[in-house]
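Encoded as structure tokens, the structure appears first; notes follow it.
Just so it is clear, none of the values below were taken in a lab; they were calculated from the coordinates. Here the structure is a predicted model, which means the values were calculated and not measured. All Cβ positions, even for glycine, are placed from backbone atoms using ideal geometry, and neighbour counts span all protein chains on display.
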Amino acid sequence: MPLFRRSSDDDREAQQAAAAEQAASLAALERGELPLRAQQRLGEIGRSGGGLFTSDLSVGEFALAHAIGLRPLAQVMGSSIYHVGWQQRPGGWGLQMGAISQELTVVSEAWNTARLRAFARLEQEAALVGADAVVGVQLAVGSHDWAVGAIEYVAVGTAVRVDGAEHAAPPALTDLSGQDYWKLRQAGYRPLGVVGASTVHYIVPGWSTQQTQSGLYGGWVNQELGDFTRGVYDARETALGRMSAEAQRHGAAGVVGVSIAHHIERREAGGGSGRHDLVVTFHVLGTAIGPRNTGGRELDVSPRLDLSRDTHLPHVLGGTG
């Protein structure tokens, strides 16, 4: 009988320890930090000073990183699954005479908050392993059937240490390859971090566009749907403007490696009007860089426009009305 009691006591203590760890991890997540187990594992990597590492570098990228003095430490990640609140959409249910192009601020705020939390956790993981920078950051954004009205933002990259350089704190986050990161340093530029923005716009076509959509009064001729074109431009300018403002707050001289991913979804207005609206989502991301140190070589890094990063971006409106 004592043996069974001892086993029961051990099980109870293990359950209590697991519950305490879970509660502490949830409290850390609420503060925007990492779960305890992730902190412990990454801290062990940092204290060991290297050794076995994981990375998302290809063989060629790893060989190049080694040749230019970048030592991979670990693959690091930042993630956030965020619930989208209720959002009123414009235009109502009936016929609409004038066009409307309006940001869905609740949805945009959800995407931007999820992004900031994901990158904050990415930076924490990099700091725990003692990295100078994170290179090759890749994004995965999406939604899931098991979390209705929620979005997921995941950033994954490789934490590296720069041989012979003074340790950087906090580590610089970049969406550049290891080669382009090294070019920045050699050219005398300092990466300040990843900057970005997301926006979701709802576009209601005016009466003329609605008639063209329905095939009446001009539906047989080639013509631009100006209401929709203007709405797409509005969304893009909102996203790029916010990214630029974030870069300026970092004291950046510019942003390189800019990628743009966008998604357009058609929505039926309902109410028997036959009207079809558009929902336009833009995600932009880039690496902010500081003013040039004139002692460096000329920079050979070109900004890029990457529309193929995710051509099936999800659209989540949460509760709408």
Counting only residues 5 or more apart in sequence or on a different chain, those whose built amide H sits under 5 Å from that of LEU104 are VAL200, HIS201, TYR202
For segment 203-208, just list the computed ³J(HN,Hα) in residue order, Karplus coefficients 6.51, -1.76 and 1.60, θ = phi - 60°, integers in Hz, with x standing in for Gly and Pro. 10, 9, x, x, 4, 4
Once phi is turned into θ = phi - 60°, what whole-Hz ³J(HN,Hα) does the Karplus curve with 6.51, -1.76 and 1.60 give for every residue of segment 121-131, x standing for Gly and Pro? 6, 4, 5, 5, 4, 5, 5, 5, 8, x, 7
Of THR209, THR158, how do they rank once you tally other Cβ atoms within 10 Å and put the fewest first? THR209, THR158
What residues have an amide H closer than 5 Å to that of ARG275, excluding those fewer than 5 places away on the same chain, when H is modeled at 1.01 Å from N in the peptide plane? ALA269, GLY270
Enumerate the calculated ³J(HN,Hα) couplings along segment 259-267 in order (Karplus 6.51 cos²θ - 1.76 cosθ + 1.60, θ = phi - 60°), each rounded to whole Hz, writing x wherever the residue is Gly or Pro. 10, 10, 10, 9, 9, 10, 10, 8, 10
Counting only residues 5 or more places away or on other chains, whose amide H sits under 5 Å from the amide H of GLY188 once H atoms are built in the peptide plane? ARG297
